[in-house]
Amino acid sequence: MQDLTGKTILLVISGGIAAYKSLELIRLIRKAGGRVRCILTKGGAQFITPLSVAALSEEPVYEDLFSLKDETEMGHIRLSREADLILVAPASANMIAKMAHGMADSLAAATLLATNKPVMIAPAMNQMMWANPATQANIETLATRGITLIGPTSGDMACGETGLGRMAEPEEILGAVMGFFYQSKPLSGLSALVTSGPTYEPLDPVRFIGNRSSGKQGHAIAASLAAQGADVTLVTGPVSLPDPQGVKTVHVETAVEMLDACRQALPADIAICAAAVSDWSAAAVLSQKIKKRGDRQPPDIKLKENPDILAALAGLATPKRPKLVIGFAAETENLIEAAAEKRRNKGCDWIIANQVGPADDGMEKVFGRDENHVYLITDQTTEEWQKTSKQAIADKLADYIARWFTETRQTQPAPMAAE
Ligand code: CTP
């Protein structure tokens, strides 16, 4: 029988009369074997007391961002890191607005902003507040960020009105939590390693060799694989994107660090190298800033070749080699032929080819853009994927991967099994 043993749920209780139902929810999660830690907002504490929350959860209750006691016992970062799932119930209109706009003016808001864990929300508010375009826009924003909505439901409200806005019943919320942990998705039970972004190779303390990669494609792939149920590690070079939700993200700078982090993320069933790894690094990194040298020649910087991460992963012996290794090929000319050759040379199973270089508007075609036009090349076929968003490409790739694992009947470890 599936239960929540070993699972920690961080329950954020924001202000609303439905907060009384959260007490029952705590009881149900505990009964199912789960651990519940609670953050009670100021609004929430107007409806239920910290004492009842603490008594039912058998844990301290966290209330204040600037409380020395709360922060030293368990800082807001640790609170979110140590949870498997964050559940906001009830999620008031105000809390939803704060989440959508990235505010961090309370312990609950700061924890939600700082989290890299999956988040579910159970909204509860007056029907007009729910229907307000502002709330609806906020909900849409949260949904596109991968946050799961539970309810609201329709019925009589505490304010005397009737309509959509009631918080889902605790049993229904528990069902959604169970579904989150146990529902089988196309990639459930599989682990994936994704590289993304550029690498920065230092020349001296202030300069580096880098490239234009934004990390958008790699990050989108990591998010899609996670949404399809895979256990994803994303190894990323320096980018200005947030870490995708529900993905273990490792930040690195150089190619050597990226290779090292990839090795540590093994074993993995799937490896996707979307990073634009710098081909070279400085043969010797200078400890002092290289100075201009008057009328003498500019410095003669010696380079050495970086390790090829894709080739290294594809070249691993079974069973260490990921079952499906996928690379990218950025080419400025002879796209298909060059990419097909790259696939063979690097020993990967599939390669996704994209043309780089200036587009008609003079700007770069791929790097930094939200769209991409690619070809998927395998040992059997070459398939064109018309220009579309990087997210759509990521979703399609995740679908193809799921199909490949089904068709080749690769043995999938049982969900939750540790390798
Ligand atoms: N790649 C890698 N490690 C490297 C270089 C590239 O893992 N040191 C991976 C990239 O993530 C991508 C693929 O190899 O999946 C191809 O990258 P690309 O830049 O197109 O090819 P290069 O190997 O760098 O070859 P060239 O620049 O000569 O085309």
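Annotations
Residue by residue, here is whether (1) of a type in the set (A, V, I, L, M); (2) closer than 27 Å to Asn138 by Cβ; (3) modelled with pLDDT under 95; (4) not assigned by TED's automatic domain parsing to the domain that holds Gln136 holds:
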position	(1), (2), (3), (4)
Ala19	yes, yes, no, no
Glu24	no, yes, no, no
Gly33	no, no, no, no
Ile77	yes, yes, yes, no
Ala91	yes, yes, no, no
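- Only one entry of Gly43, Gly102 meets the criterion of being surrounded by fewer than 21 Cβ atoms within 10 Å (Cβ to Cβ), out of contact with any Cys (no Cβ under 9 Å at 6 or more places or on another chain) and farther than 30 Å from Gln183 by Cα, and that entry is Gly43.
- Out of Thr382, Thr406, one residue alone is at pLDDT below 95, farther than 19 Å from Ala223 by Cα and away from the ligand (no atom under 15 Å from the Cβ). It is Thr406.
- Residue in segment 285-305 that is buried (at least 16 other Cβ atoms within 10 Å of the Cβ) and within 14 Å of the ligand (Cβ to nearest atom) present: no
- Filter result for Leu56 (touching a helix residue (DSSP H, G or I) at 6+ places or on another chain (Cβ under 7 Å) and outside any loop (DSSP other than H, G, I, E, B)): yes
- Elements of type strands (runs of 3 or more DSSP E) in segment 118-177, at least 1 residues being over 28 Å from Ile29 (Cα atoms) and touching a Ser or Thr at 6+ places or on another chain (Cβ under 9 Å): 162-166
- The C-beta contact set for segment 292-309 (first residue more than 21 Å from Val206 (Cβ to Cβ) and in contact (Cβ under 8 Å) with a residue 24 or more places away in the chain, second residue within 16 Å of the ligand (Cβ to nearest atom) and assigned to a loop (DSSP other than H, G, I, E, B), distance under 8 angstrom, 6+ apart or interchain) comprises Glu305/Asp279; Asp308/Val277; Ile309/Ala275; Ile309/Val277.
- Checked across segment 343-353, the condition of being among the charged types (D, E, K, R), in a helix (DSSP H, G or I) and surrounded by 14 or more Cβ atoms within 10 Å (Cβ to Cβ) holds for at least one residue.
- Listed by first and then second residue, the pairs linking a residue in segment 47-66 that is assigned by TED's automatic domain parsing to the domain that holds Met103 to a residue that is among the aromatic types (Phe, Trp, Tyr), with Cβ atoms under 9 Å apart and 6 or more places separating them unless they lie on different chains, are Phe47/Tyr20; Ile48/Tyr20.
- Taking the criterion of being more than 8 Å from the ligand (Cβ to nearest atom), surrounded by 15 or more Cβ atoms within 10 Å (Cβ to Cβ) and modelled with pLDDT under 95, no residue of segment 308-334 qualifies.
- Exactly one residue out of Ala255, Ala275, Ala261 is aliphatic (A, V, I, L, M), within 10 Å of the ligand (Cβ to nearest atom) and under 20 Å from Leu324 (Cα atoms): that is Ala275.
- Test: residue in segment 117-127 that is surrounded by 15 or more Cβ atoms within 10 Å (Cβ to Cβ), free of Cβ contacts under 8 Å to residues at least 40 places away in the same chain and more than 26 Å from Gly165 (Cα to Cα): no
The values are calculated or read from the model by the stated rules, or taken from the named source; none is laboratory data. All values reported here derive from a predicted model rather than from experimental measurement. Virtual Cβ from ideal backbone geometry, glycine too; neighbours counted across all protein chains shown.
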